[in-house]
Amino acid sequence: MYTRVGDDILADEELLGRESALRHKTHAKSNAFTNHDAGRHFNEGVVRRHYMLQESRLFLCKHCSPSRKEALSVYEATKCAIQLNAYYLNLRGILDNLAWVLQYEWQLLPDVVEDGKGNQSCYLFGKRFLDALQSRHAKLASVLHQYGPWKEELAALRDPAAHRVPIYVAPGVATSQEQVDKWNRIMAQVDVDPAERGNKSLTEIHLEAQAVVDFVPVMWLSTRRGWVSRPIHAQVRSDHDKYLTIASAIVDEL
């Protein structure tokens with residue numbers, strides 16, 4: 001089991017307990033549906049994605065801890081980026097699965113099915129969806145309304161992963177001018193004749209440069225205005241907290 005290490009908040013006991021509680025709730029509701037497609041989205045979508053989200057979160061906890069100082073290898077950083085992008089793809093995916101569970105089970109939007117016209121209206125934070133939910137279950141609609149602003153922030157993380165430049169995790173970051181200068185001196189060897197650098201391999205040069213920088217647990221988002229960084233641990237925890245609150249509220253009412 002992953003546990004709290006230093007200032008690492010990604011794997012705190014509260015989140016683990018809430019994940020476990022939601023998992024038990026979903027298993028208890030697995031046969032509670034009158035509509036086949038509602039059950040399909042619940043058992044084959046929500047339940048499976050919940051495990052995927054937890055696995056990605058715990059992987060990031062282990063490899064991107066705020067207490068870590070040693071730079072990642074390029075391959076380690078790539079694995080972290082894979083899990084980070086997967087996390088946000090599955091986060092949006094599970095919210096969509098939850099919307100379809102409500103749509104199929106409660107028939108909120110007349111004649112709307114996932115592979116037909118109007119399917120984009122089936123969105124937890126969409127106006128038409130929330131208006132329909134309000135008339136059926138005002139308490140749950142109120143919970144979702146509270147998280148309306150989150151949909152824009154979530155799109156900023158999910159959409160790059162799905163459609164544009166993926167979220168990036170840097171192996172290491174130079175945090176001082178001394179590190180920058182040393183990095184540049186080492187990497188300058190790449191462009192000289194092998195004999196002049198003592199036949200040092202490119203791998204050796206990159207490993208030497210890697211040892212100069214520090215690991216900083218941030219995600220990098222590429223935008224038209226340039227790079228934007230966000231702390232991995234704080235962002236993922238905040239988003240996971242919202243997910244658990246929303247999913248638990250929905251499952252409790254099914």
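What the table shows:
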item	result
Estimated inter-spin distance, Ser135 and Thr203, nm [label 7 Å along Cα→Cβ]	6.6
Stokes-Einstein D (µm²/s) once Rh is taken as the Kirkwood radius of the chain over alpha-carbon pairs, at 20 °C in 1.002 mPa s	105
Alpha carbon centroid spacing (whole Å) that separates region 147-170 from region 209-254	9
Debye, to nearest 20: dipole size of the chain, +1 on Lys, Arg Cβ, -1 on Asp, Glu Cβ	480
Sequence-distant aspartates and glutamates (8 or more away, or on other chains) whose Cα lies within less than 13 Å of Lys25	Asp252, Glu253
Full-extension gain in nm, Arg224 to Gln107, via 0.36 nm per residue minus C-alpha separation	38.0 nm
Pairs beyond 29 Å (Cα-Cα), from Lys29/Lys139; Lys69/Lys200; Lys79/Lys151; Lys29/Lys79; Lys79/Lys139	Lys29/Lys79; Lys79/Lys139
Ser121/Glu178 FRET efficiency (R0 51 Å; Cβ-Cβ; nearest 0.05)	0.35
Mean Cβ neighbour count within 10 Å, used as a protection proxy, ranking 31-42, 48-59 highest first	48-59, 31-42
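Computed from the coordinates by the stated procedures, all read-outs in this text should not be read as laboratory data. These numbers come from a predicted model, not from an experiment. Cβ atoms come from the backbone with ideal geometry, glycine included; neighbour counts cover every protein chain shown.
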